[in-house]
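Accompanying notes for the structure given below.
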Amino acid sequence: MHLTLEFGGGLELLLENSTKVHKVEVTTPKDGQGKVTMKFLLSWVKENLIKERPEMFLKADSVRPGVLVLINDCDWELCGGLDAELEEKDVVVFISTLHGG
Amino acid sequence: MDSSATDGARLPPPRAGSRLCVRCGERKAALKRPKTLEQICRECFYIIFEDEIHQTIVQNSLFKAGERVAIGASGGKDSTVLAYVLSELNRQHNYGLDLFLLSVDEGITGYRDDSLETVKRNEIQYGLPLKIVSYKDLYGWTMDDIVKAIGLKNNCTFCGVFRRQALDRGAALLKADKIVTGHNADDIAETVLLNILRGDIARLSRCTFITTGEDGPIPRCKPFKYTYEKEIVMYAYFKKLDYFSTECIYSPNAYRGFAREFIKDLERMRPRAILDIIKSGENFRISTTTRMPEQGTCERCGYISSQKLCKACVLLDGLNRGLPKLGIGSTKAGARADSDGKQRTKRSERNTSSLQGKHGNFDF
């Protein structure tokens, strides 16, 4: 599945070369009827993209409180949060609110 | 990107864009408001967000027509959104304010120099004149110099004390009647908690005031007092506002960090918690037997101070005499050993803690 992932608000600093936009191909998980959920995506990001301080991005099995998530420019809290199912070409944005203002 | 139609499907889990805005009932909801849990669309969000800030300004009589207002601008999300919204509201509602951007250059290579570039772009984007005051000019020291002299411990104390005064001095140069800062509801809830944790009664009673320093030369106010950080960041994201987000390179403030994390955890479980903590802070009543610090002015520089010399002058003295520890640490503990203990404890209260400001933000 092809997805576009964007990291902002300082989260990009946790990734290689501080790149903000990542066009990725996520292999569909074998279990769970081959669906890519946000929960699956988070662990995929942790394994494949995060280079340092994963605790700035994740806490328990979700994002760290204070990190905003948008799926196709819609607050993930309206899309089912961790259970939201992603589709081909979806755009997922992660923004940290934890940096100074 | 939003290709799915508004089919109103109730099938779990709902796909992005399948819910309608509860306000207009027409467009797809784009976010869930932490304050009310309402699902609203982008357009309605802009209207509500700006209107709530307008109401806050009006109900608290934050400004008078003709005033010169300096916006404390760090280049970060809060002050960038504040500059944008305030200039919009000033136009829409004819506040009649002269708005300025006021930035402090602490002299932190790789951090403040980058964020100041953002403020310089904001100057052009929003058409607001910008004034930058630097620690180097005001105090003869940059933060880089200070860290070289004292190391990574306590440097935030210097930065916090100096920044507070630098903002006042910059505002005076601009002949500003008021300073506004981007402190949001999350920041204030966090500060209420910190002041409780530190037993800082003077600050606890003051930190929820929307306007402070009315007895001083230039009052400060916080138009975002009731505005959630989530909404500020969502607003900046949807409007594609240009802001800078990097942590200060000199040591994170661990104690404040814990309070922050705690607030965010609470917010996830019950978003109203943030407003409720502010309300608790507002409703604290200080017992009349608690001695409160008295305000005077610094003998050397004339800045407001509860002691003979203001904190900035004490710290500067230490730096210039090669004794950077001067004025650092537990003035209260030191005072206890003093023969005049009670008096000094009383006086030192107001000076001990503005020091722990969140980086990239301004202190209370």
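Could you identify the single residue in B:102, B:89, B:82, B:31 that is crowded, with 18+ Cβ neighbours inside 10 Å, touching a His at 6+ places or on another chain (Cβ under 9 Å) and at pLDDT 95 or above?
B:89 is the lone residue from the list that is crowded, with 18+ Cβ neighbours inside 10 Å, touching a His at 6+ places or on another chain (Cβ under 9 Å) and at pLDDT 95 or above.
Take the residues in region B:179-208 that are of a type in the set (D, E, K, R) and surrounded by 24 or more Cβ atoms within 10 Å (Cβ to Cβ), then tell me which one is farthest from the other protein chains (Cβ to nearest Cβ).
It comes out as B:190.
Which number in (1) over 12 Å from the mean Cα position of the chain (by Cα); (2) aliphatic (A, V, I, L, M); (3) crowded, with 17+ Cβ neighbours inside 10 Å marks the one condition that residue A:71 misses?
(1)
Residue under question is residue B:257, and the condition is that it be within 29 Å of residue B:50 (Cβ to Cβ), small (Gly, Ala, Ser), out of contact with any strand residue (DSSP E or B) (no Cβ under 9 Å at 6 or more places or on another chain) and assigned to a helix (DSSP H, G or I); does it hold?
no
From B:79, B:61, B:74, B:103, which residue is under 25 Å from residue B:226 (Cα atoms), part of a loop (DSSP other than H, G, I, E, B) and under 16 Å from the mean Cα position of the chain (by Cα)?
Unique residue meeting the criteria: B:74.
Would you kindly identify the helices (runs of 4 or more DSSP H) lying entirely within region B:120-202 that contain at least 1 residues that are under 19 Å from residue B:220 (Cα atoms)?
Passing ranges, in order: B:155-173, B:185-198.
What number goes with the only condition from (1) more than 25 Å from residue A:8 (Cβ to Cβ); (2) of a type outside the set (Phe, Trp, Tyr); (3) in contact with a Ser or Thr (Cβ under 9 Å, 6 or more places away or on another chain); (4) within 14 Å of another protein chain (Cβ to nearest Cβ) that residue B:285 does not pass?
The one condition residue B:285 does not meet is (4).
I want to confirm something. Restricting to region B:9-27 and keeping residues that are farther than 28 Å from residue B:273 by Cβ and crowded, with 18+ Cβ neighbours inside 10 Å, which single residue is modelled with the highest pLDDT?
B:18
Would you check if there is a residue in region B:39-61 being at pLDDT below 95, at positive phi and out of contact with any Phe, Trp or Tyr (no Cβ under 9 Å at 6 or more places or on another chain)?
No: zero hits.
Out of region A:16-60, which residues are under 25 Å from residue B:264 (Cβ atoms), within 14 Å of chain B (Cβ to nearest Cβ) and hydrophobic (A, V, I, L, M, F, W, C)?
Passing the criteria: A:38, A:40, A:41, A:56, A:57, A:58, A:60.
The values are calculated or read from the model by the stated rules, or taken from the named source; none is laboratory data. A quick note: this is a predicted structure, and the numbers were derived from the prediction, not measured. Using ideal geometry, Cβ is built from the backbone for each residue, glycine included, and neighbour counts are taken over all protein chains shown.
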